[in-house]
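Please read the structure below before turning to the comments.
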């Protein structure tokens, strides 16, 4: 983690054990609770991706992203329910569910499971954020992303994969 937090922010917040994306489930809540945030414009450490990391794994736990986002949404709803914060969380569903998780699935080495994972991803996205297609980030996407999003929404996974494999 490249952040420092006051210890009192952790009184009622913990990194969930066994969850992929535990940082995504926790850090936004800590930032939400913090009275102020300070940014340092100096690189104080290096980030290294390794093979076997989440970014390179074809694992069902890729869908833990929805548990992480649900955790943030539920916390905000229980502790203030600010519409602009909930709107930002809504955008996280659209960005992570439609775009980032789909791109990770695209990059799986095992191409035989990609269609199944795309289907599962869209089911989970629809369950957690039914109106994801109305999100501003989706509306402002470029034409190719909009086409892919529309095809995903229509469950045309073979077509999506053909576009990706070009």
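Some points to look at:
- Note on residue 119 and residue 10: their simple-model spin labels are 4.3 nm apart, each label 7 Å out from Cα toward Cβ.
- FRET efficiency, residue 81 to residue 159 (Cβ-Cβ, R0 30 Å, nearest 0.05): 0.15
- For 122, 159, order by how many other beta-carbon atoms lie within 10 Å, fewest first: 159, 122
- Taking each DSSP H run with n ≥ 4 as -39500 (n - 2.57) and averaging over every residue of the chain yields -14500 deg cm²/dmol at 222 nm.
- Centre separation in Å (Cα based) which lies between the range 3-32 and the range 121-166: 29 Å
- Separation of the residue 41 and residue 145 label points, Cα + 7 Å toward Cβ, nm: 2.6 nm
We did not get these values from a lab; they are worked out from the coordinates using the rules stated. On a predicted model such as this, the values are computed, not experimentally measured, just so you know. Cβ sites come from the backbone with ideal geometry, for glycine too, and all protein chains shown count toward neighbours.
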